[in-house]
Amino acid sequence: MITFVDELPEPDRDALLARAHLVMVPDDDLLDKIVQLKKENNHLRSLTLTDALTGLYNTRFFTMQLEIEIARTRRTGQPSSMMMIDLDNFKLLNDTMGHVHGNRFLLKTASTLREQLRPTDIVCRYGGDEFAVIMPATDLFDAARIATRLQQAIAEIPLKKLLPISASIGVAEYSAESKGGSDEFVHQADMALYKAKKNGKNQVFYAGKPEKTVELDSVTQEEKWSLARSSKWRLEQVFSAAQPHNGTDSSGRAGLKKRS
Amino acid sequence: MDEQIPIIASVASGKGGVGKTFVTVNLAALLAKKKKRVLAVDCDLGLANMDIMLGLDPPLTLKDVVFGGATIRDAIIPTKAGFDLIAGSSGVKEMAQPLYEKIQLIKDALRPIFPSYDYVLLDTGAGISEMVLQFNLLAYRNIIVLNRELTSLTDAYAMIKVMYQIFARDCFSVIVNSTATEKEGRKIFSQIDTTCRKFLGFPLEYLGSITSDQAVPRSIIRQEVLAISTPQSLASKDCDCITQGVCSWETSY
């Protein structure tokens, strides 16, 4: 292994300089070669850890980092989260517009992920159109919010052709109480992703707790009716005799009636 | 009450124009009158107007804290009504939808100044954007303001449901603004309360109603705090009752 003098820790460097007369000084030619080798070495190392197309981290780095995060969670008790992102109908894009456009879309997705995530999050290309994100020191609540934002941002990436490209996301949390290792952690996120896919794609699913966030739905007609009962009372008791109906109230009621 | 932990309450509504800022300002003034140390933060970063309501021209706002490198303490303005104010920004596009990191930055900047107060009131914007939800999350108590319009009722319920589903919040206090009678206020509250119990499985707390009163728009035009300038008005008396309800939180803390 070749190490440059200025990369050494201070005591080592001082010791070395004290014996400078004993150290062989390479000529310029050799020095150039060493620098060249050093550069190639760094390049090769980055190749083993990043994805060639998108420049994101690769699965290898992901697996290494996941172990580190799990160890951190066990040590500090602070939960970590991860998400698995799979592009919906990506094959359709490749088939209809060609692989060049397909790759371009993957690049856009990669930059969208980088933009939307925090500096501490680790984004990896997990497979063809699959991405994985490690969110250190993030619980499922926060991870779920981040995932929802990513899902929206990906769905908004412009496309030349009208294709239903979107993202399904599975989110999982590793807490101090979690059993199993990284395999189990990845499996949980995978299962959540599978559920998101099976449930109609373009959505976020969560593994395990909190149960309360699992069923995210908008205000239902039934709830609206339950609320509207009071307005009926108000309209009859307060307004009807004294003054004409307020615009928003009457249109709101009409809308509710039509749909139910 | 522990000196170190203030009561942090957000004032939210879902629908705009139901009187969030009016409630925040008057509540802050009345709490200050009770010798409490109060901070009101205008968290409506897109279209803030608490400074206008108070007739102030703040030299620094939350915008300067986020983008200009000003410290949060510099942005604190004392008001005539006796409480401190941190103004929001209005008409700044970047602030209307700040990035997640910026929201975190504001939250992190606010936290260290909280211990200097007994009460912190966060006036959030309308809607259920990420920013509004995050500020509601920062507060321990969420005050929901609504009025007699059906749309404000459904929007308030939507806000409660989102907060419950995403953040598992199940403790909300309701104020019904501009009612004809006290009875109407109770009736409107009972409807949203019943719906909450039935569909979400938890009750709401009723803080009270504010009677529709000509003194309210008059005070806003004059840029006065109603509860201070016209304490004998009906709406001011209602605000008094609500303030007492808020003070009762101290014992349950």
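The values are calculated or read from the model by the stated rules, or taken from the named source; none is laboratory data. Everything numeric in this text was worked out from a predicted model, so none of it was measured. Cβ coordinates were reconstructed from backbone atoms using ideal geometry, including for glycine residues, and neighbour counts include every protein chain displayed. These accessible areas exclude ligands, DNA and RNA; they are computed on the full protein's heavy atoms, side chains included. Shrake-Rupley method; radii C 1.70, N 1.55, O 1.52, S 1.80 Å.
Right, A:K201: at pLDDT below 85 and outside any helix (DSSP H, G or I) or not?
On the way: at pLDDT below 85: yes; outside any helix (DSSP H, G or I): yes.
Here the answer is yes, as A:K201 does meet what is asked.
Sub-6 Å Cβ pairs linking a first residue in the stretch B:200-223 that is over 15 Å from B:V23 (Cα atoms) to a second residue that is modelled with pLDDT of 90 or more and open to solvent by 20 Å² or more (accessible area, probe 1.4 Å), at least 6 apart or interchain, are B:P203/B:R197, ordered by first then second residue. Among the residues of the stretch B:22-35, those identified as surrounded by fewer than 24 Cβ atoms within 10 Å (Cβ to Cβ) and of a type outside the set (A, V, I, L, M) are B:K33, B:K34, B:K35. Scanning the stretch B:160-177 for residues that are crowded, with 19+ Cβ neighbours inside 10 Å and either away from chain A (no Cβ under 11 Å) or more than 30 Å from A:T148 (Cβ to Cβ) (or both) returns B:F172, B:S173, B:V174, B:I175, B:V176, B:N177. Scanning the stretch A:206-235 for residues that are more than 7 Å from chain B (Cβ to nearest Cβ) and open to solvent by less than 40 Å² (accessible area, probe 1.4 Å), we see that the one that is modelled with the highest pLDDT is A:Y206. Scanning the stretch B:191-208 for residues that are open to solvent by less than 40 Å² (accessible area, probe 1.4 Å) and within 13 Å of chain A (Cβ to nearest Cβ) turns up B:Q191, B:I192, B:D193, B:T195, B:C196, B:L200, B:F202, B:L204. Can you tell me which residues in the stretch A:95-113 are within 23 Å of A:D190 (Cβ to Cβ) and surrounded by fewer than 18 Cβ atoms within 10 Å (Cβ to Cβ)? Hit for the stretch A:95-113 is A:T112, nothing else.
For (1) under 23 Å from A:R118 (Cβ atoms); (2) modelled with pLDDT of 90 or more; (3) in contact with a Cys (Cβ under 9 Å, 6 or more places away or on another chain), each residue gets a yes or a no:
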| position | (1), (2), (3) |
| --- | --- |
| B:V66 | yes, no, no |
| B:G69 | yes, no, no |
| B:I77 | no, yes, no |
| B:L85 | no, yes, no |
| B:G91 | no, no, no |
| B:L99 | yes, no, no |
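Entry remark, the stretch B:178-228: residues being part of a loop (DSSP other than H, G, I, E, B), within 21 Å of A:A228 (Cβ to Cβ) and modelled with pLDDT of 90 or more number 4 in total. Annotation note: of A:A147, A:A155, A:A172, the sole residue that is open to solvent by 40 Å² or more (accessible area, probe 1.4 Å) and aliphatic (A, V, I, L, M) is A:A155.
Among the conditions (1) part of a helix (DSSP H, G or I); (2) touching a Phe, Trp or Tyr at 6+ places or on another chain (Cβ under 8 Å); (3) surrounded by fewer than 20 Cβ atoms within 10 Å (Cβ to Cβ), the only one that A:H187 does not satisfy is (2). Count of the stretch A:66-84 residues, restricted to those that are touching a helix residue (DSSP H, G or I) at 6+ places or on another chain (Cβ under 7 Å) and polar (S, T, N, Q), is 2.
Inside the stretch B:178-190, can you point out the residues that are in contact (Cβ under 8 Å) with a residue 24 or more places away in the chain, at the interface with chain A (Cβ under 8 Å from one of its Cβ atoms) and open to solvent by 30 Å² or more (accessible area, probe 1.4 Å)?
Here is the first cut: in the stretch B:178-190, the ones in contact (Cβ under 8 Å) with a residue 24 or more places away in the chain are B:178-182, B:184-185, B:188.
Subset that is at the interface with chain A (Cβ under 8 Å from one of its Cβ atoms): B:180, B:184, B:188.
If the condition is that a residue be in contact (Cβ under 8 Å) with a residue 24 or more places away in the chain, at the interface with chain A (Cβ under 8 Å from one of its Cβ atoms) and open to solvent by 30 Å² or more (accessible area, probe 1.4 Å), then B:A180 is the only one that fits.
Would you confirm whether any residue within the stretch A:70-88 is open to solvent by 50 Å² or more (accessible area, probe 1.4 Å) and within 14 Å of another protein chain (Cβ to nearest Cβ)? Checked the stretch A:70-88: no residue is open to solvent by 50 Å² or more (accessible area, probe 1.4 Å) and within 14 Å of another protein chain (Cβ to nearest Cβ).
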